[in-house]
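Working notes for the structure below.
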Amino acid sequence: QVQLVESGGGLVQAGDSLRLSCAASGFTFSSYAMGWFRQAPGKEREFVAAINWSGVTTYADSSVKGRFTISRDNAKNTVYLHLNSLKPEDTAVYYCAEDPRTAQGMGARKPDYWGQGTQVTVSS
């Protein structure tokens with residue numbers, strides 16, 4: 001079955017950087033779009049970024065564009081989220097997701113599977 005295991009979160013200060021990883025299994029990773037979502041306390045889960053199967057095309061929410069970058073390594077079945085210039089409002093649990101369709105519009109669709117998430121806490 002589909003398994004998504006996120007890692008790399010932690011407690012950092014504003015302005016710091018982190019790299020989140022998501023190890024995927026149970027599906028043909030290199031054929032799927034992948035994405036990252038986040039959920040802050042008391043808020044709904046929201047789209048952060050997505051990447052197409054080849055890694056050539058990426059999309060990001062306006063709130064993180066220019067600060068966060070999504071990438072993937074199909075040989076390792078892993079998708080990454082590089083978080084730079086972190087702000088306290090980036091504090092959330094970060095989840096990765098898979099989608100057999102295109103990366104475009106992934107933020108508007110509800111993924112079928114979620115991992116356990118990884119906590120990112122940014123102090124001011």
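Can you work out the accessible area per residue across the chain, with the rest of the protein chains kept in place, probe 1.4 Å, in square angstrom?
Per residue, the chain has an accessible area of 51 Å².
Starting from the Cα of residue 87, draw a straight line to each of the lysines and keep only those under 23 Å, dropping any in the same chain fewer than 8 residues away.
43, 65
So what's the gap between the Cα centers of the range 44-60 and the range 4-21, to the nearest angstrom?
Here the answer is 17 Å between Cα centres.
Using a 1.4 Å probe and ignoring any ligands, DNA or RNA, find the accessible area of residue 87 and quote it in Å² to the nearest 10.
Residue 87 has an accessible surface of roughly 80 Å² with all protein chains in place.
What translational diffusion coefficient, to the nearest whole µm²/s, does the range 12-65 have by Stokes-Einstein, given a Kirkwood radius computed over alpha-carbon pairs, a temperature of 10 °C and 1.306 mPa s viscosity?
121 µm²/s
Return one quarter of the surface area of the convex hull spanned by the alpha-carbon atoms of the range 23-124, equal to its mean projected area, in nm².
Details: hull surface 25.3 nm².
Seen from a random direction, the Cα hull of the range 23-124 projects 6.3 nm² on average.
Which three semi-axes in whole Å describe the equivalent ellipsoid of the range 44-95, each the square root of 5 times a Cα gyration tensor eigenvalue, listed largest first?
20, 12, 11
What three numbers, in Å, describe the spread of the alpha carbons of the range 68-124 along their principal axes, ordered from the longest?
38, 26, 22
For the range 1-61, which GluC sites (Glu not before Pro) are both in a DSSP coil and crowded by at most 10 other Cβ atoms within 10 Å?
Listed in order of number, the matching sites are 44.
Please report the accessible area of residue 61 (heavy atoms, 1.4 Å probe, ligands and nucleic acids excluded) in Å², nearest 10.
Ignoring ligands and nucleic acids, residue 61 comes out at about 50 Å².
The values are calculated or read from the model by the stated rules, or taken from the named source; none is laboratory data. Predicted, not measured: the structure shown is a model, and the values here were computed from it. Neighbour counts are summed over all protein chains in view; Cβ atoms, including those assigned to glycine, are modelled from backbone coordinates with ideal geometry. These area figures cover heavy atoms from the full protein model, side chains too; ligands, DNA and RNA do not enter into them. Shrake-Rupley method; radii C 1.70, N 1.55, O 1.52, S 1.80 Å.
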